[in-house]
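Encoded as structure tokens, the structure appears first; notes follow it.
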There are 2 protein chains.
Amino acid sequence: MPEAIDYVLKPVGFVRSTLRDRQTAPRQGNEGAPDAWIEMAPEVLDGLLGFNAGQDVILITWFHQARRETLQVHPRSIEGRPLTGVFATRSPDRPNPLGLHRVTVREVQGNRLRVGPLEAIDGTPVVDIKPVLPHWNDS
Amino acid sequence: MPEAIDYVLKPVGFVRSTLRDRQTAPRQGNEGAPDAWIEMAPEVLDGLLGFNAGQDVILITWFHQARRETLQVHPRSIEGRPLTGVFATRSPDRPNPLGLHRVTVREVQGNRLRVGPLEAIDGTPVVDIKPVLPHWNDS
């Protein structure tokens with residue numbers, strides 16, 4: 001590739017959750033996941049201006065325990081399902097192990113946000129938060 | 001923060017588009033953006049197994065021209081709109097300038113994918129591709 005450059009993410013916060021390991025965590029938020037706290041980094045707090053409880057947002061996390069060399073998986077780790085490229089699945093194991101989580105903001109308390117439901121485990125770095133755009137629901 | 005670690009992204013592909021600069025590009029795909037090609041990196045091609053034309057996917061890009069120190073913006077660069085934290089907007093200027101783009105896969109041709117509509121400009125690095133989950137439309 002012509003532009004073979006690396007890009008460095010800085011965590012903007014960390015997940016604080018009762019979920020402790022990826023083997024027992026739900027695979028998606030709507031599969032029984034609990035609410036969790038996001039503890040934001042002090043240096044990005046100005047980025048929360050206008051951020052309110054009640055809205056739906058997309059968290060982008062970094063699956064810090066992922067295997068980045070994985071390119072094909074059996075979906076949901078079910079051996080009977082055919083091998084599938086990671087770009088056609090939500091596997092956390094993938095070249096750039098970014099997680100997308102649509103959650104509702106329950107509460108904003110200083111540098112802490114309560115959100116849910118969230119399947120990410122305790123200690124997972126959060127790298128971005130974005131509002132849901134209306135047209136994501138239309139199509 | 002306790003876990004002050006950096007995370008390095010590797011581009012898995014690059015956008016090839018007729019859009020050349022961010023000033024004139026549409027702000028969202030559904031605001032008149034064209035289709036574009038994604039040229040995938042040879043080393044991740046196995047990750048496309050099962051990836052088909054016709055489906056909707058979420059591209060995650062890296063806005064390589066973003067200002068990462070920006071924490072507050074006037075939404076859509078309209079000065080009359082009140083300053084808002086970047087986490088409550090889709091501004092490309094943000095601490096980790098990741099872009100989320102919901103697009104339809106039009107065609108898969110070897111290491112090239114035609115997708116659209118896509119507002120990202122030519123040369124934008126793609127860092128991940130994920131299928132849209134059904135419940136993203138339900139809520």
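Quick one: Kirkwood hydrodynamic radius for chain A, alpha-carbon pairs, angstrom, one decimal? Walk me through the numbers on the way to the answer.
Working: mean 1/r = 0.0618 Å⁻¹.
Hydrodynamic radius (Kirkwood, Cα pairs) of chain A is 16.2 Å.
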*asked:* Using a label point 7 Å beyond Cα on the Cα-Cβ vector, give me the inter-copy distances for A:Asn30 in nanometres, one decimal, shortest first.
replied: 1.8
*Averaged over B:89-98, number of beta-carbon atoms from partner chains that fall within 10 Å*: 5
*List the distances, in nm to one decimal, from the label point of B:Ala53 to the label points of the same position in every other copy, shortest first, placing each label point 7 Å from Cα along the Cα-to-Cβ direction.*
5.0
*asked:* Give me the inter-chain shielding for B:38-45: mean count of other chain Cβ atoms within 10 Å, whole number please.
replied: 3
*Put a label point 7 Å from Cα along the Cβ direction on A:Thr18, then list its distances to the equivalent points in the other copies in nm, shortest first.*
5.5
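Cα convex hull of the protein assembly as shown: mean projected area in nm², to one decimal? Let's see the in-between values first.
On the way: hull surface 56.3 nm².
So the Cα hull casts an average projection of 14.1 nm².
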*asked:* Given the -39500 (n - 2.57) contribution per DSSP H run of 4+ residues, what per-residue ellipticity at 222 nm results for chain A, rounded to the nearest 500 deg cm²/dmol?
replied: -500 deg cm²/dmol
*To the nearest whole number, what is the average tally of beta carbon atoms from other chains within 10 Å of the beta carbons of peptide A:64-72?*
2
*Working from the pairwise distances between different alpha carbons, so that the mean of 1/r is found and then inverted, what is region A:57-139's Kirkwood radius in Å?*
14.4 Å
*Cα convex hull of region A:19-78 - mean projected area over all directions, nm²*: 6.3 nm²
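How large, in Å, is region B:53-103 by the Kirkwood hydrodynamic radius built from its alpha-carbon pairs?
Numbers: mean 1/r = 0.0835 Å⁻¹.
Over region B:53-103, the inverse of the mean reciprocal pair distance is 12.0 Å.
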*Simple spin-label model, 7 Å along Cα-to-Cβ: B:His64 to B:Arg22 in nm?*
1.3 nm
*In terms of Cα to Cα distance under 13 Å, which aspartates and glutamates are near enough to B:Lys10, apart from those fewer than 8 places away along the same chain?*
A:Glu3, A:Asp6, A:Glu69, B:Glu43, B:Asp128
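Each value in this text was obtained by applying a stated rule to the coordinates, not by laboratory testing. Not measured: the values here are computed from a predicted model. Reconstructed Cβ throughout: ideal geometry from the backbone, glycine too, with neighbour counts over all protein chains shown.
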